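Working notes for the structure below.
The values are calculated or read from the model by the stated rules, or taken from the named source; none is laboratory data. Just so it is clear, the structure is predicted and the values come from calculations on it, not from any experiment. Here Cβ is always computed from backbone atoms with ideal geometry, including for glycine, and neighbour counts include all displayed protein chains. The protein model used for the area step is the full one, side chains on, heavy atoms only, and it has no ligands, DNA or RNA in it. Shrake-Rupley method; radii C 1.70, N 1.55, O 1.52, S 1.80 Å.
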Amino acid sequence: MSVLRASVELLRRDLQLAFRSRMDALQPVLFFVLLAVLVPFGVGPEPLRLQTIAPGMLMVGTLLSTLLSLDALFVRDADDLSLDHLLLAPVPLAALTFSKIVAHWLTSAVPCLLAYPLLATLFNLSDGAWSAGFLALLLATPTLSAIGAIGAALTVSVARGGTLIALLVLPLYVPALIFGASAIESAQANLAISAQIYFLSALALLSLSLSPLVCAVALRLNAR
Amino acid sequence: MTTANALLDARDLTFVRDFEPLFEGLHMRVHTGQAWLLSGPNGAGKTTLLKVLAGLWRADSGEIWFSGERAKANSWPREALIYLGHGAQLKADLTPIENLRWISAVHGAIAQPAQIDAALESLDAAHFDAQAVRSLSAGQRKRVAMSVLQLVDRRLWLLDEPYANLDRGGVALIEGLIDRHCANGGAVVFSAHGEQRARVALNELKLGLQ
């Protein structure tokens with residue numbers, strides 16, 4: 001019971017903190033929207049061309065906006081030493097890192113999902129691909145948070161580790177990127193997307209169950 | 001007293017930093033009711049020793065036993081001890097009350113609002129309990145951080161510079177906490193500079209003399 005209570009209280013704390021500094025928390029999603037606004041200036045505003053690049057751009061935008069918020073995951077706790085309390089807690093550290101991952105998803109992915117209608121409009125997604133895009137983002141983002149947390153935990157003691165996190169984590173994002181973009185593409189071509197959705201779900205479950213354990217080990221190794 | 005009933009028994013601890021031993025062959029046996037002062041110049045290894053005892057850092061050699069059981073890296077007896085570092089370990093955007101709530105929950109204690117109020121009150125920290133920690137002075141933060149000791153029930157307290165930044169009244173309150181904890185069957189290992197002393201029978205470990 002105390003494990004559950006500790007995890008819930010930690011989740012509550014992180015949401016409270018995100019709410020207190022909500023302008024900071026909204027920066028990644030604003031970045032994503034700006035990216036979507038800027039793309040037509042670069043590639044030209046023809047609707048057909050935008051539709052062609054929409055699957056890839058939506059997924060890459062999600063990836064990049066997730067990266068922007070990863071340094072908040074453990075580095076801030078390490079900076080103000082509150083991480084010590086998590087490392088010293090008698091509850092399994094993996095339960096606490098799971099809370100941190102959930103909090104990260106709620107504060108970084110959910111704003112992106114809320115901005116999705118706007119993003120889909122900016123890329124001129126057709127009605128058929130609209131729901132596929134939402135589903136792809138919904139199922140890919142837990143994987144991004146979970147894998148990103150591993151990178152954040154590994155680099156927690158590295159000064160200015162933000163770039164290092166990106167280098168570590170981006171290659172691991174490839175499966176989520178491929179299946180997410182492929183799901184939207186298939187929906188645009190009126191094809192079934194169940195295969196991609198199953199893969200995205202499997203990736204999310206796998207990474208969510210393994211990542212807290214890896215994060216816990218990485219944080220303990222980094223304590224010294 | 002035999003080894004078995006020592007609350008903490010550190011045997012032959014060696015900690016190497018940059019190829020130089022910070023301390024070597026260190027022995028320390030802490031029994032219930034004892035307060036241990038770690039003294040020594042800056043960089044002597046006081047914080048390091050406390051972190052090793054807390055299980056945050058690993059010693060290069062030696063053994064640490066708690067109540068007759070050897071502590072292993074993967075099964076450190078975390079429910080027997082609490083470590084409070086030199087920094088405040090608080091979230092700057094939250095109030096003292098909110099901070100104490102998550103800290104005690106993480107340590108497996110259920111802190112009711114009334115208990116949190118009482119803990120802050122006893123360290124004379126209740127009048128700023130609704131301000132964000134960001135706006136508090138270093139001494140006020142220290143008082144909030146030390147309030148954790150009354151919410152989380154642990155036999156062994158490992159305190160790094162518990163008197164740092166505190167005024168005379170604050171020092172007296174912390175001394176009282178340490179005295180009471182030792183009288184109630186706990187034990188405290190703490191580091192300090194200067195003349196601060198807990199009033200209970202105090203043992204001193206001088207570091208940095210090799």
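Pairwise Cα distances in segment A:3-223 exceed 27 Å in 33 percent of cases. Within chain B, antiparallel bridges make up roughly 45 percent of the DSSP beta bridges whose residues both belong there.
Taken as Cα centroids, segment A:1-77 and segment A:193-211 sit 19 Å apart, rounded to the nearest whole angstrom.
By how many nm would the segment from A:N124 to A:M23 lengthen if fully extended, with 0.36 nm per residue of separation less the alpha-carbon distance? Walk me through the numbers on the way to the answer.
Numbers: separation 101, 0.36 × 101 = 36.36 nm, distance 2.79 nm.
So the chain would gain 33.6 nm between A:N124 and A:M23.
Potential lengthening of the chain between A:R49 and A:S2 amounts to 11.5 nm, from the contour at 0.36 nm per residue minus the alpha-carbon distance. Output the 0 to 90 degree angle, nearest 10, between the alpha-carbon long axis of helix B:138-151 and the longest principal axis computed from the alpha carbons of chain B. The two axes meet at around 80 degrees. Note that chain B, at 4 °C in a medium of 1.567 mPa s, gets a Stokes-Einstein diffusion coefficient of 74 µm²/s from its Kirkwood radius over C-alpha pairs.
Distance between the modelled labels on A:L164 and B:D18, one decimal in nanometres: 1.9 nm (7 Å Cα→Cβ projection).
Nearest-5 percent of antiparallel DSSP beta bridges in the protein assembly as shown?
On the way: 15 of 32 bridges.
Antiparallel bridges make up about 45 percent of those DSSP assigns within the protein assembly as shown.
Which of the DSSP-defined H helices in chain A satisfy a minimum axial length of 30 Å, computed from C-alpha atoms, and a minimum mean Kyte-Doolittle hydropathy of 1.0? Those that pass (Cα extent of 30 Å or more, hydropathy at least 1.0) are A:22-43, A:127-154, A:194-223.
Under 1.5 on a/c is rounded, so check that first for segment B:95-183, then, if it is not, pick prolate when a/b is larger than b/c and oblate when it is not; a ≥ b ≥ c are the square roots of the alpha carbon gyration tensor eigenvalues. Numbers along the way, then the final one.
Numbers: a/c = 1.62, a/b = 1.04, b/c = 1.57.
Oblate, because a/c is 1.5 or more while a/b does not exceed b/c.
Helix-only estimate, please: 222 nm mean residue ellipticity of chain A, summing -39500 (n - 2.57) across DSSP H runs of length 4 or more and dividing by its residues, to the nearest 500. Don't jump to the answer; show the numbers that get you there.
On the way: 11 runs with 185 residues, N = 224.
Value at 222 nm, helices only, nearest 500: -27500 deg cm²/dmol.
One compactness figure for segment B:1-106 is 1.21, namely its Cα radius of gyration divided by 2.2 N^0.38 Å. Angle of helix B:96-106 to the longest C-alpha principal axis of chain B, folded into 0 to 90 degrees and rounded to 10: 40°.
Here the 3J(HN,Hα) profile of segment B:74-89, calculated from phi with Karplus coefficients 6.51, -1.76 and 1.60 at θ = phi - 60°, is 8, 9, 5, x, 5, 7, 9, 9, 9, 10, 10, x, 5, x, 7, 6 Hz, Gly and Pro shown as x.
Counting alpha carbon pairs within less than 8 Å and at least 6 residues apart, what relative contact order, in whole percent, applies to segment A:142-211? If you can, show how the numbers build up before the last one.
Details: 47 pairs, mean separation 30.7, N = 70.
Result for segment A:142-211 is 44 percent.
Taking a spot 7 Å from the Cα of A:L81 along the direction of its beta carbon, which residues of segment B:63-81 have an amide N less than 12 Å from it? Zone members listed by number: none at all.
What you get for segment A:3-223, charging only the Cβ of Lys and Arg (+1) and of Asp and Glu (-1), is a dipole of about 240 debye around the Cα centre. With all pairs of separate Cα atoms included, the protein assembly as shown yields a Kirkwood hydrodynamic radius of 23.8 Å.
Can you work out the accessible area per residue across the protein assembly as shown, with the rest of the protein chains kept in place, probe 1.4 Å, in square angstrom? List each step's numbers first, then the result.
Details: 19280 Å² over 434 residues.
Each residue of the protein assembly as shown exposes 44 Å² on average to a 1.4 Å probe.
Heavy-atom accessible surface of B:R180, to the nearest 10 Å², is about 140 Å², with a 1.4 Å probe and all protein chains retained. Rounded, prolate or oblate: which one fits segment B:147-192, using the alpha carbon gyration tensor with axes a ≥ b ≥ c (rounded when a/c is under 1.5, else prolate when a/b beats b/c, else oblate)? Taking the square roots of the gyration eigenvalues as a ≥ b ≥ c, segment B:147-192 is prolate.
For B:T32, the residues 5 or more places off, or on other chains, whose built amide H falls under 5 Å of its own are B:L7. The value of relative contact order for chain B, using C-alpha pairs under 8 Å at least six residues apart, is 30 percent. Taking each of A:K100/B:K142; A:K100/B:K72; B:K46/B:K206 in turn, the alpha-carbon distance tops 18 angstrom for A:K100/B:K142; A:K100/B:K72.
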